[in-house]
Amino acid sequence: MDIITVGHIVYDIRAYVEHLPEPDVRGLMREPFHVGGGGSAANVAVNCSRLGKRAGVIGNLGKDHHGRFLWDNLWAEGVDTREVRLFDGRTALSIITIDRKGEVEVTQDLGVAERDRAIDPSYISETRHLHLAGTSLEMLLRAASIGSKKGVSISFDPGRAAAFHGEKKLSPILRATDYLLVNRKELKYITGSDSDHAAKHLASKYDLAIVIKSGSAPIVTFGVEEVSAPPFKVKAIDTIGAGDAFCAGFLCSILDSKNLTQAVRFANAAGAAKVLHRGAQGMPKKQWIEKTFGV
């Protein structure tokens, strides 16, 4: 395979409203609610498959209706599920509220998503690249150790929850990582500072490239070379999953031997394409992105 992701697989319930709810104020949905696949690891795997890569995912599902829905969804998207484990219990679920500007609020039940389990090392040895998304620290440490021993390239998008562990606990993962993808808040959780200086120091200390996702601000990378790329200006419909679309665009470009400038530009286009479509896995296929954004 080209890429294997590790992390959450989540059943998303989405409610589209005029305004995000306030305390003691009733909010009304603009339309019936929607359901679909979510979770960072699943999102990146699905997006990579849509970009023409052979993708697999390592994660957990419950033996319930939501778990069966997500398993079938991954198969329909061409994602390999041999290392998806089924447990007695609830599949992870997110209730997502989206306003007319595309901004979101998320309430989540992790269910069995972070249940401790083994990972088959031979599965990771089949891939060119391993992508670590937010999940339990134990699972991240285990996957990073296997990937490092197998000699595959590794990327890490910790999200807020994993970044909150800080540099000391994440250091074994950082030493194995080639590409760290974070926003400024996550950088601050890891290093204690959201500054460019902190990013440069971290990149040098662990010999990795750091890609700072900044939403409407330019994307910045530090490491082997420094790149700054402005985002594409679009009117967002739904921003859920935009960061995962960016990650998939970046990683698929790296796998295609693109340089950092090209990779970040295509990643920006992938993220912009996602926010024009609904759902965490709403990113369109590669041809649509290339035609729409000229990348």
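When the residues of the range 46-64 are filtered to those that are in a helix (DSSP H, G or I) and in contact with a Gly (Cβ under 7 Å, 6 or more places away or on another chain), the one that is surrounded by the fewest Cβ atoms within 10 Å (Cβ to Cβ) is Ser49. Is one or more of the residues making up the range 221-229 farther than 27 Å from Gly151 by Cβ and of a type in the set (S, T, N, Q)? Yes, the range 221-229 has at least one match.
Per the conditions (1) over 18 Å from Lys53 (Cα atoms); (2) without any contact (Cβ under 8 Å) to a residue 40 or more places away in the chain; (3) of a type in the set (Ser, Thr, Tyr), the sole criterion not satisfied by Thr239 is (2). Quick check: is even one residue across the range 151-167 at pLDDT 95 or above, crowded, with 16+ Cβ neighbours inside 10 Å, among the aromatic types (Phe, Trp, Tyr) and closer than 18 Å to Tyr206 by Cβ? Looking for residues that are at pLDDT 95 or above, crowded, with 16+ Cβ neighbours inside 10 Å, among the aromatic types (Phe, Trp, Tyr) and closer than 18 Å to Tyr206 by Cβ, one finds at least one in the range 151-167, hence yes. Among residues of the range 191-213 that are within 25 Å of Gly271 (Cα to Cα), those with a beta-carbon under 7 Å from a residue that is of a type in the set (A, V, I, L, M, F, W, C) and part of a loop (DSSP other than H, G, I, E, B) at least six positions away or on a different chain give the pairs Ala209/Val224.
Residues that are surrounded by fewer than 17 Cβ atoms within 10 Å (Cβ to Cβ), of a type in the set (D, E, K, R) and touching a residue at least 24 places away in the same chain (Cβ under 8 Å) within the range 76-113 comprise Arg82, Arg85, Asp88, Arg100, Lys101, Glu103, Glu105, listed in sequence order. The residue list Tyr11, Tyr16 contains one member that is among the aromatic types (Phe, Trp, Tyr), at pLDDT 90 or above and touching an Asp or Glu at 6+ places or on another chain (Cβ under 8 Å), which is Tyr16.
Could you tell me whether any residue of the range 137-148 is of a type outside the set (A, V, I, L, M) and not in a helix (DSSP H, G or I)? Checking the range 137-148: not a single residue is of a type outside the set (A, V, I, L, M) and not in a helix (DSSP H, G or I). Tell me whether the range 19-39 contains one or more residues that are closer than 26 Å to Ile146 by Cα and not hydroxyl-bearing (Ser, Thr, Tyr). Yes. Out of all the residues in the range 73-92, is one or more at pLDDT 95 or above, in a loop (DSSP other than H, G, I, E, B), among the charged types (D, E, K, R) and under 19 Å from Leu140 (Cα atoms)? Yes, there is a match, as at least one residue in the range 73-92 is at pLDDT 95 or above, in a loop (DSSP other than H, G, I, E, B), among the charged types (D, E, K, R) and under 19 Å from Leu140 (Cα atoms). In the set (1) more than 30 Å from Ala236 (Cβ to Cβ); (2) touching a Ser or Thr at 6+ places or on another chain (Cβ under 6 Å), the condition left unmet by His131 is number (1). Among the residues of the range 181-195, none qualifies, meaning not one is over 27 Å from Leu93 (Cα atoms), of a type in the set (Gly, Ala, Ser), surrounded by 15 or more Cβ atoms within 10 Å (Cβ to Cβ) and out of contact with any helix residue (DSSP H, G or I) (no Cβ under 7 Å at 6 or more places or on another chain). For the range 234-245, indicate whether the set of residues that are touching a Ser or Thr at 6+ places or on another chain (Cβ under 8 Å), outside any helix (DSSP H, G or I) and either crowded, with 16+ Cβ neighbours inside 10 Å or modelled with pLDDT of 95 or more (or both) is non-empty. Within the range 234-245, not a single residue is touching a Ser or Thr at 6+ places or on another chain (Cβ under 8 Å), outside any helix (DSSP H, G or I) and either crowded, with 16+ Cβ neighbours inside 10 Å or modelled with pLDDT of 95 or more (or both).
For the range 156-215, the set of residues classified as in a loop (DSSP other than H, G, I, E, B) and either under 15 Å from the mean Cα position of the chain (by Cα) or among the hydroxyl-bearing types (Ser, Thr, Tyr) (or both) consists of Pro158, Thr177, Ser193, Ser195, Ser214, Gly215, listed by residue number.
Apart from one condition, Gly67 fits all of (1) under 20 Å from the mean Cα position of the chain (by Cα); (2) assigned to a strand (DSSP E or B); the exception is (2).
The values are calculated or read from the model by the stated rules, or taken from the named source; none is laboratory data. None of the values given here were measured: they were computed from a predicted structure. Note that we place each Cβ from the backbone using ideal geometry, even for glycine, and neighbour counts take in every protein chain shown.
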